[in-house]
Amino acid sequence: SSKTFWTTTGMFPQELIIGFPKCVTISKVAIQCYLVRTLRIERSTSKDPVGFEQCVEKDLQHREGQLQMEEFPLPEFQATYLRFIIKSAFDHFVSVHRVMAEGT
């Protein structure tokens, strides 16, 4: 819902894990967030959310008063879980408004 969001508790790193009902193929990940400085995306193909491997890490542009909308086109990969690690921020608290994964 565009009316809801997830917010950090003030210390970094912070992480958010998204699970799929089964292993899927992902070709692109996108995120809408606010005040995130450095973001790492990791994946796991395990039955449980363990054994993560890094997919990408990126420093995001600061957009004063606006949501950051970042797309990460990636080589197709398998994942049962995606972990988003917010390593640092432009403020004490950040928010994640939407996460999208495209694939099959």
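Apply 1/(1 + (r/R0)^6) to the Cβ-Cβ distance of residue 91 and residue 53, taking R0 = 25 Å, and write down the FRET efficiency to the nearest 0.05.
0.25
Given H placed on each backbone N at 1.01 Å, which residues far from residue 56 in sequence or on other chains put an amide H within less than 5 Å of it?
Excluding prolines and chain starts, which carry no amide H, the hits are 41.
Can you give the extra length, in nm with one decimal, that the chain gains between residue 77 and residue 15 once fully stretched, where that is 0.36 nm per residue apart less the Cα-Cα distance?
Length difference between fully extended and current span is 20.3 nm.
For the chain, which whole-number percentage of the solvent-accessible area (1.4 Å probe, protein heavy atoms only) is attributable to carbon and sulfur atoms?
50 percent
Considering only lysines 8 or more places apart in sequence, or on different chains, count the pairs in the chain whose C-alpha atoms sit under 22 Å apart.
5
In what sequence, highest mean first, do 85-92, 14-21 appear when ranked by Cβ atoms within 10 angstrom?
My ranking of the peptides, most packed first, is 85-92, 14-21.
What does the accessible area per residue of the stretch 6-103 come to in Å², with a 1.4 Å probe and no ligands, DNA or RNA counted?
Spelled out: the 1.4 Å probe surface of the stretch 6-103, per residue, equals 57 Å².
The values are calculated or read from the model by the stated rules, or taken from the named source; none is laboratory data. All values reported here derive from a predicted model rather than from experimental measurement. In this analysis, Cβ positions are derived from the backbone assuming ideal geometry, glycine residues included, and neighbour counts consider all displayed protein chains. Accessible surface is based on the protein model in full, side chains and every heavy atom, while ligands, DNA and RNA are left aside. Shrake-Rupley method; radii C 1.70, N 1.55, O 1.52, S 1.80 Å.
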